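What follows is a set of notes on a single structure, which appears directly below.
The values are calculated or read from the model by the stated rules, or taken from the named source; none is laboratory data. Quick caveat: nothing in here was measured; it's all calculated off a predicted structure. Using ideal geometry, Cβ is built from the backbone for each residue, glycine included, and neighbour counts are taken over all protein chains shown. What goes into the accessible areas is simple: the full protein's heavy atoms, side chains included, and nothing from ligands, DNA or RNA. Shrake-Rupley method; radii C 1.70, N 1.55, O 1.52, S 1.80 Å.
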Amino acid sequence: MKVLQIIDSLDAGGAERMAVNIANELQAAGHESHLCVTRKEGLLKTAISNEVGYIFIEKKGKLGWVALSKLKRYIKEHQIELLHAHSTSAFTAVMILLLLRNKPKLIWHDHYGKANQLEARPLKVLRFLSGYFNQVISVNKLLKAWALKELKCESVTYLENFATATFNQELQTPLAGRENKRIVCLANLREQKDHLNLLKAFEVLKKECPEWSLHLCGQDFNDDYSLRIKQAIEQRDLKDHVFLLGSRADVGAVLNTCDIAVLSSRSEGLPVALLEYGLHHLPVVVTDVGACKEVVADYGIVVESENAQLLSAAILKLIDNKIQREDYATKFHNHVMDQYGSKRYINKLVSIYQSA
């Protein structure tokens, strides 16, 4: 099968990591796999297998006719049979279908991170585009129910994300803080990730456990939300305990150097970061949004969102009990390997492709 993943950027986000991981694993499974980046390259380009076909079309503006022509030639040259469009790249995928005589099948992969705020979606646009979808893949059950209700495409499948671990990476730069006393939050600096609530919780932790540090690993967009995070760190006197790592190409090494992992989101789809925590043997504290509770099951601590008191208490529980941390880490790792492994995922995905 000749498959082309389409994604708008290669920034280190969950949808982007999934597009790269799928492209790599399809190639490893014996399929002819390609990846198209429409608007922006980024850190994840180095993670693409040399065996995967790659094209960057440098789309500019809403339509980007030059970029679409470039993609059209690539699809014809490589006789692509199926387009797998992730998130907002659906528009580009539909546009290219309209330009092709021999049209590949089109799968739309919905990673929408604000699954608890679906009313904010551009419904009219997505409903129009969905008339061209052969299949929709939703990363959690809320998104599946929404797609079945709102979109024209009747073939909708819930397929959990998967992640791949990178155990042999070396740290590009050492992490601050004391060894064996680091907490990590792997999330781009977006409002839905609610770092501000995490900082409020960590202020309490600092008083109880001043030797522990918090490491925020994710892209800094240098916007108003980013400014509020930095102001909160200053105002809460956390600058010697909380560290902004930015986007990192050595995420695996960062996770291997930390001891507790947290997601404080107020909204999620199915965060790839959570799966990466499990692969890297980290005990987790997460908020009950999106598919987080379903993923964690009984192998970590889940608290309600936007509640700093519960969040700090849950993290403190892990800090105070090393045996429980290790037990959670082992069980969660085994759970993720069993339920969210790449081989299981690719087998399900190929079945979806074949039925589209």
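Observations, loosely collected:
- The chain: C-alpha gyration tensor shape, a/c 1.5 cut-off, then a/b vs b/c: prolate
- Axis of helix 141-150 versus longest Cα principal axis of the chain: the two differ by about 40°, to the nearest ten degrees.
- Residues in segment 44-65 reached by a label modelled at LEU100 [backbone nitrogen below 19 Å; 7 Å Cα→Cβ]: 52-59, 63-65
- Solvent-accessible area of MET337 with every protein chain in place, 1.4 Å probe, in Å² to the nearest 10: 110 Å²
- In this simple spin-label approximation, LYS181 and LEU118 carry label points 7 Å from Cα along the Cα→Cβ vector, and these lie 4.5 nm apart.
- Per-residue extension of 0.36 nm, minus the Cα-Cα distance of GLU170 and ASN347, leaves a gain of 60.6 nm for this segment.
- The simple Förster model, with R0 at 35 Å and r as the Cβ-Cβ distance, assigns SER69 and SER155 a FRET efficiency of 0.70.
- Sum of -39500 (n - 2.57) over DSSP H runs of 4+, divided by residues of the chain (222 nm, nearest 500): -12500 deg cm²/dmol
- Rounded if a/c under 1.5, otherwise prolate or oblate - segment 298-337, Cα gyration tensor axes: oblate
- Between the C-alpha center of segment 322-356 and that of segment 205-219 there is a gap of 28 Å.
- Across the cross-link table entries LYS60/LYS149; LYS72/LYS144; LYS45/LYS105; LYS124/LYS293; LYS114/LYS348, which are compared at the Cα atoms, the separations over 28 Å belong to LYS60/LYS149; LYS72/LYS144; LYS124/LYS293.
- D_trans [Stokes-Einstein, Kirkwood Rh over alpha-carbon pairs] for segment 198-346, 37 °C, 0.692 mPa s, µm² s⁻¹: 206 µm²/s
- The C-alpha atoms of the chain define a longest principal axis, and helix 65-78 lies at about 80 degrees to it.
- Seen against the Cα atoms of the chain and their longest principal axis, helix 14-28 is set at about 60 degrees.
- FRET efficiency, GLN309 to ASP240 (Cβ-Cβ, R0 25 Å, nearest 0.05): 0.60
- For the pair GLN354 and ARG127, a Förster radius of 25 Å applied to the C-beta separation gives a FRET efficiency near 0.40, rounded to the nearest 0.05.
- For segment 1-120: rounded, prolate or oblate by the Cα gyration tensor [a/c cutoff 1.5]: rounded
- Potential lengthening of the chain between ASP298 and LEU148 amounts to 51.0 nm, from the contour at 0.36 nm per residue minus the alpha-carbon distance.
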